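Notes follow once the structure below has been shown.
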Amino acid sequence: MHYQDALHVAAAQINAGLGAVDANLERHLEVIDEAASHGVELLVFPELSLTGYGLGGQVMQVAMPVEDPRLARLAEACGAMQAVVGFVEEASPGEYYNALAILQDGEIVAVHRKLNLPTYGGLEEGKWFSHGSELTQAQVRPGWSATQLICADLWNPALVHAALLPRPTVLCAPINSASGIVSEDFSNEQNWGLNVRFYAMTYGTPVIMANRYGPEGASHFWGGSRILGPRGEVLAEAEDRETLITATLSRTAIARARFELPTHRDADTPLIRELMAGYR
């Protein structure tokens, strides 16, 4: 089988109206159309991009099952492009997940439910959402696959390691990061850059990080969306505004980075499993 060497990817740095699902849906359709006009093959929206973040008791009102016709409308709009969209999933009455819908060719290809729900600083997701329990990977094109982790998922290094062991070619990282939300001394702006650069370089895996830009109540989402190559190099970085950033990834560059720093090859999972056996 012939694998294309290049993959055209994008991050949508947009804001979301809190609880305004229908208005947010229209904004998504606009961005999908813009991305398609640029030949984008993989598009990543921010975490909870259809609903906004500080939902509190509104979680139940904005939640939707995967069969919701609004998700189907987005999936149809994507065509051959794969889009990663943030929403609140209703799995059963009263069971809600901070989730991603992976959409392509008129279908929901997969759903990723957030695994690590933060309950520190100004974050209280564990109060409103159920924990996910599975990793997700989806083929984008032959020879190209993506795994998805949501925001705080990336602050549990073991989750990132487990997600990257199957050797996806791209890591999608939708986030909702507001300035000062953890503490006054913890810089989300600086530390997110360090976080995603470390994973891209260590695993030879490009990262598409999509954050929001703009206000929500008293919070300011600082943007900083970026696309990193397999050595942690910045291929594209968003300005301080709502914008779409694009980059072209190279399968050859990924192969070379992983060959030179064989993190996957040397992961020694049996040893790690043995060392971890005594911890709960």
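The values are calculated or read from the model by the stated rules, or taken from the named source; none is laboratory data. These numbers were taken from a predicted model, which means no experiment stands behind them. Methodologically, a virtual Cβ is constructed for each residue, glycine included, from the backbone with ideal geometry; neighbour enumeration extends over all protein chains shown. Surface areas here come from the heavy atoms of the whole protein model, side chains and all, with no ligands, DNA or RNA. Shrake-Rupley method; radii C 1.70, N 1.55, O 1.52, S 1.80 Å.
Here are a few things to note about the model shown:
- Residue count for region 173-196 satisfying the condition of being in contact (Cβ under 8 Å) with a residue 60 or more places away in the chain and either among the β-branched types (Val, Ile, Thr) or open to solvent by 40 Å² or more (accessible area, probe 1.4 Å) (or both): 5.
Matching residues to (1) touching a residue at least 40 places away in the same chain (Cβ under 8 Å); (2) touching a strand residue (DSSP E or B) at 6+ places or on another chain (Cβ under 7 Å); (3) more than 22 Å from Ala162 (Cα to Cα):
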residue: Arg73; (1), (2), (3): yes, no, yes
residue: Ala77; (1), (2), (3): yes, no, yes
residue: Met81; (1), (2), (3): yes, yes, yes
residue: Phe129; (1), (2), (3): yes, yes, yes
residue: Ala138; (1), (2), (3): yes, yes, no
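- Elements of the type strands (runs of 3 or more DSSP E) sitting completely within region 206-280 and holding at least 2 residues that are on the phi < 0 side of the Ramachandran plot and open to solvent by 30 Å² or more (accessible area, probe 1.4 Å): these cover 213-216, 219-222, 234-237, 243-250.
- Restricting region 175-205 to residues that are part of a loop (DSSP other than H, G, I, E, B) and in contact with a Leu (Cβ under 7 Å, 6 or more places away or on another chain) leaves a set whose member that is farthest from Val44 (Cα to Cα) is Ile181.
- Residue under evaluation Glu89, criteria (1) farther than 21 Å from Ala178 by Cβ; (2) surrounded by fewer than 21 Cβ atoms within 10 Å (Cβ to Cβ); (3) touching a residue at least 24 places away in the same chain (Cβ under 8 Å), criterion not met: (2)
- Flag for Gly86 being within 22 Å of Ala238 (Cβ to Cβ), of a type outside the set (A, V, I, L, M, F, W, C), out of contact with any strand residue (DSSP E or B) (no Cβ under 7 Å at 6 or more places or on another chain) and not in a helix (DSSP H, G or I): no
- Residue in region 147-154 that is assigned to a loop (DSSP other than H, G, I, E, B) and open to solvent by less than 70 Å² (accessible area, probe 1.4 Å) present: yes
- Candidate set from region 53-76 (those that are among the small types (Gly, Ala, Ser) and in a loop (DSSP other than H, G, I, E, B)); member that is most open to solvent (accessible area, probe 1.4 Å): Gly54
- Only one of the numbered conditions (1) open to solvent by less than 10 Å² (accessible area, probe 1.4 Å); (2) in contact with a helix residue (DSSP H, G or I) (Cβ under 7 Å, 6 or more places away or on another chain); (3) within 25 Å of Ala178 (Cβ to Cβ); (4) not in a loop (DSSP other than H, G, I, E, B) is violated by Leu50, and that is (4).
Let's see how each residue does on (1) polar (S, T, N, Q); (2) touching a Pro at 6+ places or on another chain (Cβ under 8 Å):
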position: Ile14; (1), (2): no, yes
position: Val44; (1), (2): no, yes
position: Thr51; (1), (2): yes, no
position: Ala63; (1), (2): no, no
position: Ala91; (1), (2): no, yes
position: Tyr97; (1), (2): no, no
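- Look at region 17-42: where a residue is without any contact (Cβ under 8 Å) to a residue 60 or more places away in the chain and a partner is of a type in the set (D, E, K, R), sitting 6+ places away or on another chain with Cβ atoms under 6 Å, you get Leu25/Arg70.
- If the condition is being open to solvent by 80 Å² or more (accessible area, probe 1.4 Å) and over 21 Å from Val140 (Cα atoms), then region 103-124 contributes Thr119, Tyr120, Glu124.
- Restricting region 1-15 to residues that are open to solvent by 10 Å² or more (accessible area, probe 1.4 Å) and within 27 Å of Glu239 (Cβ to Cβ), the residue that is farthest from the chain's Cα centre (by Cα) is Ala6.
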